[in-house]
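Read through the structure below, which is laid out as structure tokens, and then see the notes.
The values are calculated or read from the model by the stated rules, or taken from the named source; none is laboratory data. Not measured: the values here are computed from a predicted model. Cβ placement follows ideal geometry from the backbone for every residue including glycine, while neighbour counts extend to all protein chains displayed. SASA here: full protein model, heavy atoms, side chains in, ligands and nucleic acids out. Shrake-Rupley method; radii C 1.70, N 1.55, O 1.52, S 1.80 Å.
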Amino acid sequence: MSANDIPQSSANAMWGGRFSAGPDAIMQAINASIGFDQRLYAQDIAGSRAHAAMLATVGILTDKDAEAIREGLLTVLSEIEAGNFEFRVEQEDIHMAVEARLTEIVGEAGKRLHTARSRNDQVAVDFRLWVRDQCDAAISGIEALMQAFLAQAEVGADWVMPGFTHLQTAQPVTWGHHMMAYVEMLARDRSRFIDARARMNECPLGAAALAGTSFPIDRAMTAQALGFDRPTANSLDSVADRDFALEFLSASSICAMHLSRFAEELVIWSSAQFRFVRLSDKWTTGSSIMPQKKNPDAAELLRAKLGRIMGATVALFTVMKGLPLTYSKDMQEDKEQVFDAADTLMLGLAAMTGMVGDMHAMVDNLRVAAASGFSTATDLADWLVRELGLPFREAHHVTGTLVGMAEKRGIDLPDLSLADMQSVYAGIRADVFDVLGVENSVNSRTSYGGTSPVQVRAQIARWKAALA
């Protein structure tokens, strides 16, 4: 369909008399954002209500027009929420869709709503409000997952399991300590969203197209009405800024990385080779031809899906990096990335909370694995330093020699005899065996932040109080 085929009535009235016909179908498809930015309807209507109330207070709108606009916007809101609102592509975006329907409902007063504002500051406030809401949702979702990890940590504060470096057995740790590591990660994620929310809580409404407005508006009034701390201080930056979206995406990407790391651990731990955990049927699937299989599909899907958030972050940085001040149409490409990332993050947090809550640790298997791989070798080296006064490098050499001896015989360190040990270093005493058990190992790690059950329970208590 060509531009000439479009009826004049379909031409976007926003463009006024400058164009004799509307855009052709391809341009319309590129230009329109109504297909996705309709998600901003609640924020758009909230912003318009605050703007109309302010215009009436300062005398730009009559009280009669302001009341008609207020009631009309509530009608539009109820129509959208009831599913009775028709979103039309020729209206281009949510702002024009709401204003057009408002004008149909209240007549001439609806055309006065856009006084002293532009779509540039309108979309900036709508989007900022939406991202602020998503920060609140992310914080709540993270706190729920932290509680799930805390519950796991509390029940298994003294269960022994292997700690890994390079995915090789390193030293014994406690299950509770491993769970609390994710509480700490998530706490940092939570703080990033809290910080980002505080930084974005300035209101761009009133910056108009880019230079402010000559109308005597009260920006502090609209900022307060919409729950912002203050109005933004520079009109150019107000309409050009998408840092709030980038910060949300950046915080989401780091949180997604943490979720994906635990998803990977669940995949490994639930395998037949590890058998550290058993996932419930809610989060696993079977095989179409192998009846014995119980696949950790939810963890695998999360591991993949969470990469979308990182992709969205790179995409929006790429959009913004080359833009001069102030607004460019490129910035319309900000929302789909953020919408998808927010949806994916909330799905990931909810699914991970469910998996962690249902996860069953196989305690006996954890303990057997913790005792394998010469996991108490560091305890032996520390004992040689602490009890016999050896320099650590010499203790490291003695211990390495004993590990080699045990490995050749196919046994573990505690299975060596005292005579075996004294053949490497004569001063070793029988009480060396007191430090070679995995329980003794974890109980000895009493430094702040260490893996001992005493330290783990202290950290659990600290975080339970913080989240109460």
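Table for the structure above
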read-out	value
With DNA, RNA and ligands ignored, accessible area of M362 (1.4 Å probe; Å², nearest 10)	50 Å²
Phi to ³J(HN,Hα) by Karplus 6.51 cos²θ - 1.76 cosθ + 1.60 over the stretch 169-185, Hz, x for Gly, Pro	4, 10, 9, x, 9, 9, 3, x, 5, 5, 4, 5, 4, 6, 4, 5, 4
Percent accessible area from carbon and sulfur atoms, the chain, protein chains only, probe 1.4 Å	54 percent
For the stretch 237-327: rounded, prolate or oblate by the Cα gyration tensor [a/c cutoff 1.5]	prolate
Full-extension gain in nm, E407 to A209, via 0.36 nm per residue minus C-alpha separation	63.9 nm
R0 of 30 Å, Cβ-Cβ distance L323-R199: FRET efficiency to nearest 0.05	0.90
Ellipticity estimate at 222 nm from DSSP helix runs (n ≥ 4, -39,500 (n - 2.57)) divided over the chain, nearest 500	-19500 deg cm²/dmol
Distance in nm between pseudo-label sites at E394 and S423 (7 Å out along the Cβ direction from Cα)	2.2 nm
Accessible area (Å², per residue) of the chain, counting only protein heavy atoms and a probe of 1.4 Å	46 Å²
Cα-based helix-to-principal-axis angle, 119-155 vs the chain, degrees rounded to 10	20 degrees
Contour excess over end-to-end distance, with Cα ends at T62 and E79 and 0.36 nm allotted per residue	3.6 nm
Fully extended contour minus Cα-Cα distance, from R230 to A42, at 0.36 nm per residue	65.6 nm
Cβ-defined net charge surrounding H177, 15 Å radius [Lys, Arg +1; Asp, Glu -1]	-1
The stretch 343-455, relative contact order [Cα under 8 Å, separation at least 6], %	23 percent
Debye intensity ratio I(q)/I(0), log10, the chain, q values 0.05, 0.06, 0.10, 0.12 Å⁻¹ (C-alpha model)	-0.31, -0.43, -0.85, -1.04
Taking the chain and dividing mean pair separation by its residue count, relative contact order in percent (alpha carbons under 8 Å, at least six apart)	16 percent
Contact order relative to length of the stretch 106-229, as percent, for alpha carbon pairs under 8 angstrom and 6 or more apart	34 percent
Backbone N under 18 Å from the E300 label point (7 Å along Cα→Cβ), restricted to the stretch 233-277	260-277
D340/R275 FRET efficiency (R0 56 Å; Cβ-Cβ; nearest 0.05)	0.95
Cut-off under 5 Å, modelled amide H: who pairs with V173 long-range	M161, G163
The stretch 81-95 - phi-based ³J(HN,Hα) in whole Hz, Karplus 6.51/-1.76/1.60, Gly and Pro as x	5, 7, x, 9, 8, 9, 8, 10, 5, 5, 7, 6, 8, 5, 5
Estimated inter-spin distance, I268 and E71, nm [label 7 Å along Cα→Cβ]	6.5 nm
Centre separation in Å (Cα based) which lies between the stretch 342-392 and the stretch 104-171	29 Å
Theoretical FRET efficiency, 1/(1+(r/R0)^6), r = Cβ-Cβ of F87 and D330, R0 25 Å, to 0.05	0.60
Sparse-neighbourhood loop sites, trypsin sites (Lys or Arg not before Pro) in the stretch 57-134 - DSSP loop, at most 16 other Cβ within 10 angstrom	R88
Scattering profile of the stretch 315-408 at q = 0.10, 0.14, 0.19, 0.20 Å⁻¹ [log10 I(q)/I(0), Debye over alpha-carbon scatterers]	-0.66, -0.72, -0.96, -1.01
Using θ = phi - 60° and Karplus 6.51 cos²θ - 1.76 cosθ + 1.60, couplings along the stretch 215-227 (whole Hz; Gly, Pro as x)	6, x, 7, 10, 5, 5, 5, 5, 4, 5, 4, 9, x
Using alpha-carbon coordinates, inclination of helix 377-388 to the longest axis of the chain, degrees	60 degrees
26 Å Cα-Cα reach of K282 towards lysines, excluding residues that sit fewer than 8 places from it in its own chain	K293, K294, K305
